[in-house]
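The values are calculated or read from the model by the stated rules, or taken from the named source; none is laboratory data. Owing to the predicted nature of the structure, the values given are computational and were not obtained by experimental measurement. As a convention, Cβ positions derive from the backbone with ideal geometry for all residues, glycine included, and neighbour counts pool all protein chains shown. For the accessible areas, the whole protein counts, side chains as well, though only heavy atoms, and no ligand, DNA or RNA atoms are used. Shrake-Rupley method; radii C 1.70, N 1.55, O 1.52, S 1.80 Å.
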Amino acid sequence: MPLTEQARWFVLGGDHLVLLDEQGRIPQGPRASLPAHLQSATFEHFDEWDGLPCYLLDLGAEADPSRLMPLRQLMVAGDEEGFRLGGRAWQLATFRRSHRFCGECGAPMAPKSGEWAQMCRQGHVVYPRISPCIIVAVRKGPAILLAAHRRHYQADDPMYTVLAGFVEAGENLEQCVAREVFEESGIRVRNVRYVASQPWPFPHSLMMGFTADYESGEIRVQDEELVAADFFEADRLPRLPPHGTIARRLIEQSLGEAG
């Protein structure tokens, strides 16, 4: 590609870190506008954004993090398309990192020409992994079920969010919603309704959002997953997930319907 080609440059490294410009956005412009040590690197085309090609470069897990920022910063800043495409870039990079050898024969794998896939010399081909997950807002009258999850708990200012979990083999999405809610909170639900989906690159999930109505049960938290859970009304909400997440959308939609 010529040094003067206008493009957007997705430079990744470490654990979900990305190069941002001085305005906190994905760098845009000619290759010559990148830091000098990146101008001769081998980038790969992976998407388009407002008519400009998007190029990807993964510096690896051991990359110097001093000039890179967390991918989540794009979401917090409200840059939805930057976060979406940054997430896509990260899912592709994660796929490459985790599929260096064939799961069938053990031979080294290399990128397959013409598509985002890995292939070994025996001809075995694998494609980027996508893990289906459900995420659900459970409504009980004017209140919504929110939980503080153990994996990102902060005792001084805990964030509460809706329940989520991975789909199991042989299970449809509605069954997964009912199972996950009951396992994590002891609550049984009815009237499960699909709302929307969101790719979630931590590391390769597809979040499928639902709302549901409380049917029965008392809250009994699953200690391995949750620190606490309760039903909250709109006038006494705890700290919530940031805007731009499907969790926040489900919470706001459910409370809006309840109002």
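Some points to look at:
- Here the accessible area of the stretch 26-114 is 51 percent carbon and sulfur, with a 1.4 angstrom probe and all protein chains present.
- Angle between the chain longest axis and helix 246-258 axis [Cα atoms, degrees, rounded to 10]: 30
- In this structure the chain gives 52 Å² per residue of accessible area when probed at 1.4 Å with all protein chains present.
- With helices as the sole contributors, the chain gives -6000 deg cm²/dmol at 222 nm; each DSSP H run of n ≥ 4 counts as -39500 (n - 2.57), and the sum is divided by every residue.
- Taking the stretch 1-41 and dividing mean pair separation by its residue count, relative contact order in percent (alpha carbons under 8 Å, at least six apart): 43
- Between amide H atoms placed 1.01 Å from N, distances below 5 Å from ALA117 occur with LYS112, all of them 5 or more places distant or on a separate chain.
- Nearest-ten-degree value, helix 173-185 long axis tilted from longest Cα axis of the chain: 60
- Spherically averaged projected area of the chain from its Cα convex hull (nm²): 16.9
- Between the helical axis of 80-98 and the longest alpha-carbon principal axis of the chain there is an angle of about 70 degrees.
- In sequence order, calculated HN-Hα J values of the stretch 12-27 (Karplus, 6.51, -1.76, 1.60; Hz; x Gly/Pro): 10, x, x, 10, 6, 9, 8, 6, 10, 7, 5, 8, x, 10, 5, x
- Comparing Cα centroids, the stretch 1-60 and the stretch 198-251 end up 34 angstrom apart.
- Between ARG150 and GLU252, the simple label model (points 7 Å from Cα in the Cβ direction) yields a spacing of 3.2 nm.
- Convex hull volume per residue, computed on the Cα atoms of the stretch 122-259, equals 128 Å³.
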